[in-house]
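K.L.:
I am attaching a structure below and will ask some questions about it afterwards.
Values quoted throughout were computed directly from the atomic coordinates according to the rules given, and no laboratory measurement underlies them. Treat the numbers as computed from the prediction; the structure is a model and nothing was measured. Heads up, the Cβs are rebuilt from the backbone with ideal geometry, glycines too, and the neighbour counts pull from every protein chain shown.
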Amino acid sequence: MFIKSATDLTVYGKAYELAMRIFEVSRKFPSEEKYALTSQMRRSSRSVCLNLREAWAKRRYEAHFISKLTDCDGENNETETSLSFGRDCSYLTAKEYEQMISSCNEIGRMLGAMMNMPGKFLISGL
């Protein structure tokens, strides 16, 4: 399959799906978390997708591409930490937490593979 856009990447789809799932489950968080955990969790999960789009735009330059993928991975890890807080504050059920952590782990593995083999994604012929 020819990838025309970052949105065609499997990892992008999984990250987007997770961000939307986090949006849905975080709607039930207490109002006092609106500007704290709720906002942070939503922003970090969305940032994975946003940084993937930036990485895709910078794939002419391996170092820039990897740098943006590293940012994606960092945001994914931040999302994992927020999910742990959500679980420990009893805002998430064990099932919700496990499903979303599993998604984070899968996204992390996919980003790691991209960082380890960037040549598969770079624009060639420069």
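K.L.:
Just to confirm a number: summing +1 for Lys and Arg and -1 for Asp and Glu over residues other than Met20 whose beta-carbon lies under 13 angstrom from that of Met20, what do you get?
P.N.:
Spelling it out: positives minus negatives among the neighbours equals +3.
K.L.:
Counting other C-beta atoms within 10 Å, which of Ser102, Ser39, Ser26 has the fewest, and how do the rest follow?
P.N.:
Taking fewest neighbouring Cβ atoms as first place, the list is Ser102, Ser39, Ser26.
K.L.:
Counting other C-beta atoms within 10 Å, which of Met41, Met110, Met117 has the fewest, and how do the rest follow?
P.N.:
By the 10 Å Cβ count, ascending: Met117, Met110, Met41.
K.L.:
If you add up the charges near Arg87, with Lys and Arg at +1 and Asp and Glu at -1, over every other residue whose beta carbon is less than 12 angstrom from its beta carbon, what do you get?
P.N.:
Net of charged neighbours comes to -3.
K.L.:
Roughly how many Å is it from the Cα centre of the range 56-88 to that of the range 91-119, as a whole number?
P.N.:
11
K.L.:
OK, next. What are the principal axis extents of the Cα atoms in the range 9-120, in Å, biggest first?
P.N.:
Each principal axis gives a Cα extent; for the range 9-120 these are 44, 24, 18 Å.
K.L.:
With +1 on the Cβ of every Lys and Arg and -1 on the Cβ of every Asp and Glu, and nothing else charged, how large is the dipole of the chain about its Cα centre, in debye rounded to the nearest 20?
P.N.:
440
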